Amino acid sequence: MEIFKKVSEGARSITEGAKTIGKKSGDLVETTRLKMEISKLEKEMENNITALGNLVYMQYKGDEGLKEEIDRLLLSTRALESDIDEINDQIIKINPKPPACANCHEELPQNVKFCPNCGTKVPEVEKPAE
Ligand SMILES: [Zn+2]
């Protein structure tokens, strides 16, 4: 009888494993998409900053009427930067980092009450900050 029990348990864990893989690959696709989005925005930021450098230099040399264009580029660069931050947050939400010790920042094994490295108490339930 024992052997039948083992077989059915094995079958169940395979199904659960498959579910996890399904979710994981979906997350991976989404993470890849977000990372591509970030590199696109980073390119735009780079272009903006290059343009800003040129404009500031032209202004230094005495060209006038560049202030508006410089301000526009500064604003759009700042907006790009916060978009990148937001996307990075999304990536972190999809791929939560394993909990780390608040004191020594060592990665914590699951279900420990105290940090094995420095002995700091681990908070009971860690909910992702919103
Ligand atoms: Zn620690």
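The values are calculated or read from the model by the stated rules, or taken from the named source; none is laboratory data. All figures in this text were calculated on a predicted structure; none of them were measured in a lab. Every residue, glycine among them, receives a Cβ derived from its backbone with ideal geometry; neighbour counts consider all protein chains shown.
Some points to look at:
- Condition met for Asp63 (assigned to a loop (DSSP other than H, G, I, E, B) and either away from the ligand (no atom under 16 Å from the Cβ) or in contact (Cβ under 8 Å) with a residue 40 or more places away in the chain (or both)): yes
- Of all residues in region 49-81 being over 23 Å from Ile38 (Cβ atoms) and hydrophobic (A, V, I, L, M, F, W, C), the one that is surrounded by the most Cβ atoms within 10 Å (Cβ to Cβ): Leu55
- Filter result for Pro116 (part of a loop (DSSP other than H, G, I, E, B) and more than 15 Å from the ligand (Cβ to nearest atom)): no
- Within region 71-110, the set of residues being away from the ligand (no atom under 16 Å from the Cβ), of a type in the set (A, V, I, L, M) and without any contact (Cβ under 8 Å) to a residue 12 or more places away in the chain comprises Leu75, Ala79, Ile92.
- Number of the condition not met by Pro96 [criteria: (1) exposed (fewer than 12 other Cβ atoms within 10 Å of the Cβ); (2) modelled with pLDDT of 95 or more; (3) not charged (D, E, K, R)]: (2)
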